[in-house]
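The values are calculated or read from the model by the stated rules, or taken from the named source; none is laboratory data. These numbers were taken from a predicted model, which means no experiment stands behind them. Cβ coordinates were reconstructed from backbone atoms using ideal geometry, including for glycine residues, and neighbour counts include every protein chain displayed. Ligands, DNA and RNA are stripped out before the accessible areas are found, and what is left, the full protein with its side chains, is counted by its heavy atoms. Shrake-Rupley method; radii C 1.70, N 1.55, O 1.52, S 1.80 Å.
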Amino acid sequence: GCVDCHAGAAKSGHTAKTASASCITCHDDASAKLSASAHAMLGDPKDSSTCISCHGDQHDIKSPAARGVQFCATCHATEVSEYNGSIHGRAHAKLNGDAPICQSCHGKAHEVVASTEAKSPVSKANLPDTCGKCHSNPALAAKYMFSVALPVEAYKQSVHGRAILAGNLKAASCNDCHGVHNILPSSDPRSKIWKQNVASTCAQCHQNVFDVYK
């Protein structure tokens with residue numbers, strides 16, 4: 001109701017200032033989480049104008065879930081555009097409920113942290129497990145006939161995976177080979193792991209070997 005947000009309006013003779021609304025009246029938990037997230041840069045989490053930047057006007061609040069991936073494009077237009085053309089984005093556009101969306105990889109919007117932070121689900125060390133939620137899921141592997149069984153488990157035994165686990169964050173993780181928001185199937189000539197592109201993808205780290213290979 002009106003006075004739930006505009007508490008000061010319950011008294012007669014109120015002004016715009018005394019009747020101003022505050023989202024944290026109900027959502028103090030969201031404010032606390034947002035203040036520790038990467039999205040804190042949007043402004044003071046206790047200021048309702050910060051909330052409006054994602055959720056819309058206070059009298060016409062829209063759930064981010066209802067707006068879908070595209071609501072992130074307000075700030076992340078390039079990333080969303082790449083996602084829309086990716087194998088994940090195309091599946092999502094076809095209303096495939098298994099397709100990952102932003103929060104599937106980055107976490108909840110109020111709790112997103114930079115990928116460089118150790119606790120980020122898309123940090124170098126955590127990314128394999130994040131991808132593994134789908135790609136090492138036996139049910140999904142069978143449903144979509146993934147070409148590699150238990151890829152994350154295999155990766156962790158590889159020279160790259162062991163280096164990451166040992167703390168060498170310069171070693172290759174999932175995104176280095178497959179792409180970030182623009183992941184494409186290996187059958188697509190634009191894919192970083194299409195057969196003709198594999199050597200140049202490896203050259204990102206192994207330039208000398210690539211020169212010899214050429």
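For the residue pairs LYS170/LYS192; LYS94/LYS119; LYS108/LYS143; LYS119/LYS192, the C-alpha atoms sit more than 23 angstrom apart in LYS94/LYS119; LYS108/LYS143; LYS119/LYS192.
Using a probe radius of 1.4 Å on heavy atoms only, what accessible surface per residue do you get for region 55-214? Whole Å² is fine.
Values: 10430 Å² over 160 residues.
Ligands and nucleic acids excluded, the figure is 65 Å² per residue.
Quick one: with all protein chains in place, what share of the accessible area of region 15-125 is carbon or sulfur, to the nearest percent (1.4 Å probe)? Display every interim value, and only then the final one.
Values: 4050 of 6870 Å².
Looking at region 15-125 in its full context, I get 59 percent from C and S.
Each Lys and Arg Cβ is given +1 and each Asp and Glu Cβ -1; about its Cα centre, the chain then shows a dipole of about 500 debye.
Please compute one quarter of the surface area of the Cα convex hull for region 4-103 and express it in square nanometres. The partial results should precede the final answer.
Working: hull surface 30.6 nm².
Average of the hull's projected areas for region 4-103 equals 7.6 nm².
In order along region 123-129, the phi-based Karplus estimate (6.51 cos²θ - 1.76 cosθ + 1.60, θ = phi - 60°) of 3J(HN,Hα) comes to 5, 3, 6, 8, 4, x, 5 Hz; Gly and Pro are listed as x. Kirkwood analysis of the Cα pair distances in the chain returns a hydrodynamic radius of 20.2 Å. Check the straight Cα-Cα distances from LYS133 and name the aspartates and glutamates below 13 Å, setting aside those fewer than 8 residues away within the same chain. Of all the aspartates and glutamates, those that pass the test against LYS133 - Cα under 13 Å, at least 8 places apart if same chain - are ASP98, GLU153.
Carbon and sulfur: what percent of region 151-214's accessible surface (1.4 Å probe)?
59
I want to verify a result. In a Gaussian network model of the chain, Cα cutoff 10 Å, which of these has the top mean-square fluctuation: VAL198, VAL112, VAL80? Largest GNM mean-square fluctuation: VAL198.
Taking the highest mean first, how do the peptides 118-131, 22-35 order by number of other beta carbon atoms within 10 angstrom per residue? If you can, show how the numbers build up before the last one.
Values: 118-131: 17.7, 22-35: 15.9.
In decreasing order of mean packing, 118-131, 22-35 become 118-131, 22-35.
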